[in-house]
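Chemist: I am attaching a structure below and will ask some questions about it afterwards.
The values are calculated or read from the model by the stated rules, or taken from the named source; none is laboratory data. Fair warning: this is a prediction, and the values are worked out from it, not measured in the lab. Cβ coordinates were reconstructed from backbone atoms using ideal geometry, including for glycine residues, and neighbour counts include every protein chain displayed. Keep in mind that these areas ignore ligands, DNA and RNA; they rest on the heavy atoms of the full protein, side chains included. Shrake-Rupley method; radii C 1.70, N 1.55, O 1.52, S 1.80 Å.
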Amino acid sequence: MIEPLIDPGIWKNRFTLGEWNTHASVRTSDHHYKLPTDIEKQLESQDWFPPALLPYLSHPEISSADPAITKRLCANHLVNFLHYTTLLEHRIVNRSVEVIIHDELEFTIPRRMKTAALQLYTDEGYHALFSNQLAEQVIDFYGMTDRPTTHRRITRLNHLIDRTPDKQRALTWFLIGFVSETIIAKDLREVCQNTLVSSVQEMLSDHLADEARHSRYFSEVFHYLWFQMSDEVRLSSARQLLEILFIFFESDKKWLERSLRSVQLSKTAVQQILITMADPQHHIFRTRSGASSTLQALKRADCFKQPEIRQMFSNRRLLDE
Ligand SMILES: [Fe+2]
Ligand SMILES: [Fe+2]
């Protein structure tokens, strides 16, 4: 075990989820996450997912088609997003939280950091539950037969873990959790709008309220661990952080193609959309803007004071020179 190098007093009052018992959705929310009885009526003016966040909807073949096509593509996106969330919470974030709880890292973990990790684990279990519940209802509503498959990001993150030597795996799990938990709040904040179907909006706002606490917690834990890492471990962690960041903002080409084909879009339109989504410049832009909270947490932990690390991030255009 590596003991903290500095007076642990400076970490006082950190590593908690605040008043978890009286604030966490799983403890306090009275939402039931069921589709409203007036769903047909709501769909005349409300969306399943904000269309403005799906740039491919502005393709002329979609924007000039019956609005029901846009509605259906938004429903497809919501189901994919919820299915991805369920897997992410259980298989990725909670695996990352386990390494904190069960002393898998080679750093001393304060007791309150473990308690908060156990609370966070509970939150994520609840998020997986309500995401799955809502996804199943939307699937039933449309009679969707194309069952969701594993999101490309989950597969890519698992491959990264498989390629990591055994003794570094716990830290890699932690880094994946840190990236995931610092990007999700911004992601949910953008999605959670009052133009959505009421139960989708309630579910997203419950999730967002929890994730704001999680993001702060993971940033503090990251800072605490980074402080204790050797320069060599910092360098290898920075390399992995870059890889993880770009994985989180890749688009899932296969899924998108299936979704577009489900509304009988022409082959040409599908190809045009897929080419735009795969553009490397768009990928960099999505990563830089979507990961702004992660990049800020790295800055706060003084990660970029190490010139090689600063260089690495500016070479990949996540930082200005
Ligand atoms: Fe969550
Ligand atoms: Fe979370």
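Chemist: Note the full-extension length gain between Glu321 and Arg261 as 0.36 nm times their separation in residues minus their Cα-Cα distance, in nm to one decimal.
Modeler: Gain in length upon complete extension: 17.4 nm.
Chemist: I would also like to ask the following. Report, to the nearest whole %, how much of the accessible area of the chain belongs to carbon and sulfur atoms, 1.4 Å probe, protein only.
Modeler: 51
Chemist: Would you please give the residues with an amide H less than 5 Å from that of Phe107, counting only those at least 5 places away or on a separate chain, with H modeled from the backbone geometry?
Modeler: Amide H neighbours of Phe107: Ile2.
Chemist: A further question on this structure: Just reorder Asp123, Asp302 by solvent-accessible area, largest first, 1.4 Å probe, all chains present.
Modeler: Asp302, Asp123
Chemist: Taking the Cα atoms of the range 99-179, report the difference between the largest and smallest coordinate on each principal axis, in whole Å and largest first.
Modeler: 50, 31, 17
Chemist: Just round it to a whole percent: the fraction of Cα-Cα distances in the range 1-145 exceeding 28 Å.
Modeler: 41
Chemist: Modelled label-to-label distance, Arg112 and Asp231, 7 Å Cα→beta-carbon offset: nm?
Modeler: So the two model labels end up 3.4 nm from each other.
Chemist: Determine the relative contact order of the range 57-315: mean sequence separation of Cα pairs under 8 Å and six or more apart, normalised by residue count, in whole percent.
Modeler: Value for the range 57-315: 23 percent.
Chemist: So, one more: Using helices alone, what [θ] at 222 nm do you get for the chain, with -39,500 (n - 2.57) per DSSP H run of 4 or more residues, divided over all residues and rounded to the nearest 500?
Modeler: Calculated from helices alone, the mean residue ellipticity at 222 nm is -21000 deg cm²/dmol.
Chemist: Show me the GluC sites (Glu not before Pro) within the range 36-107 that DSSP assigns to loop and that have at most 10 other Cβ atoms within 10 Å of their Cβ.
Modeler: Sparse-neighbourhood loop GluC sites (Glu not before Pro): Glu44.
Chemist: For Lys305, Lys34, write out the residues from largest to smallest accessible area, computed with a 1.4 angstrom probe and no ligands counted.
Modeler: Output order, biggest surface exposure first: Lys305, Lys34.
Chemist: In addition: Want the number for Glu98 to Glu19: 0.36 nm per residue separation, take away the alpha-carbon distance, what's left?
Modeler: 26.3 nm
Chemist: Further question: To the nearest 0.05, how large is the calculated FRET efficiency for Asp30 and Arg189 if R₀ is 22 Å and r is the Cβ-Cβ distance?
Modeler: FRET efficiency, Asp30 to Arg189: 0.50.
Chemist: Here's something else I'd like to know. Return the Cα extents of the range 26-97 along principal axes one, two and three, sorted largest first, each rounded to a whole Å.
Modeler: Computed over the range 26-97, the largest-to-smallest principal extents equal 46, 29, 14 Å.
Chemist: Relative to the longest principal Cα axis of the chain, at what angle does helix 111-142 sit, 0 to 90 degrees, rounded to 10?
Modeler: Taking the Cα atoms of the chain, the angle to 111-142 is about 10 degrees.
Chemist: How compact is the range 76-220 by the rule of thumb for globular proteins, expressed as Cα Rg over 2.2 N^0.38 Å?
Modeler: Against the compact-globule rule of thumb, the ratio is 1.10.
Chemist: Here's something else I'd like to know. Would you grab the residues whose amide H sits under 5 Å from the one on Asp47? Only those 5+ places off in sequence or on another chain, please, with H modelled 1.01 Å from N.
Modeler: Long-range HN contacts for Asp47: Leu196, Val197.
Chemist: Using only alpha carbons, build the gyration tensor for the range 222-266 and give me the equivalent ellipsoid semi-axes, biggest first, whole Å.
Modeler: 41, 9, 5
Chemist: Could you work out, for the chain, what percent of all Cα-Cα pairs fall into each 10 Å distance bin, beginning at 0 Å and stopping at the bin that holds the largest distance?
Modeler: Result returned by the calculation: 5, 25, 33, 23, 11, 3, 0.
Chemist: For the range 216-321, what log10 I(q)/I(0) values come out of the Debye formula at q = 0.12 1/Å, with one point per alpha carbon and no solvent?
Modeler: -0.52
Chemist: Residues of the chain: accessible area per residue at 1.4 Å, in Å²?
Modeler: Normalised by residue count, the accessible surface of the chain is 48 Å².
Chemist: Quickly work out the Ser45-to-Ala212 label distance, labels modelled 7 Å from Cα along the C-beta direction, and quote it in nm with one decimal.
Modeler: 2.7
Chemist: Against the longest principal axis of the chain, how steep is helix 169-191, in degrees 0 to 90 to the nearest 10, with axes from Cα atoms?
Modeler: 40
Chemist: For Ser64, Ser262, Ser199, write out the residues from largest to smallest accessible area, computed with a 1.4 angstrom probe and no ligands counted.
Modeler: Ser64, Ser262, Ser199
Chemist: Let me ask something else. Give me the extension gain from Asp279 to Ile161: residue separation times 0.36 nm, minus the current Cα-Cα distance, reported in nm with one decimal.
Modeler: 39.9 nm
Chemist: Based on alpha-carbon centroids, what's the gap between the range 68-131 and the range 248-321 in Å, whole number please?
Modeler: 21
Chemist: In percent, how large is the relative contact order of the range 94-183, given Cα pairs closer than 8 Å and 6 or more residues apart?
Modeler: 44
Chemist: If you fit an axis through the alpha-carbon atoms of helix 152-163 and take the longest principal axis of the Cα set of the chain, what angle between them do you get, 0 to 90°, nearest 10?
Modeler: 30
Chemist: Taking Lys253 as the anchor, which lysines have their alpha carbon closer than 19 Å to its alpha carbon, excluding any fewer than eight residues away along the same chain?
Modeler: Hits, sequence-local ones excluded: Lys267.
Chemist: Using a 1.4 Å probe on the protein heavy atoms only, what accessible surface does Thr195 show? Give it in Å² to the nearest 10.
Modeler: For Thr195, solvent-accessible area is about 60 Å².
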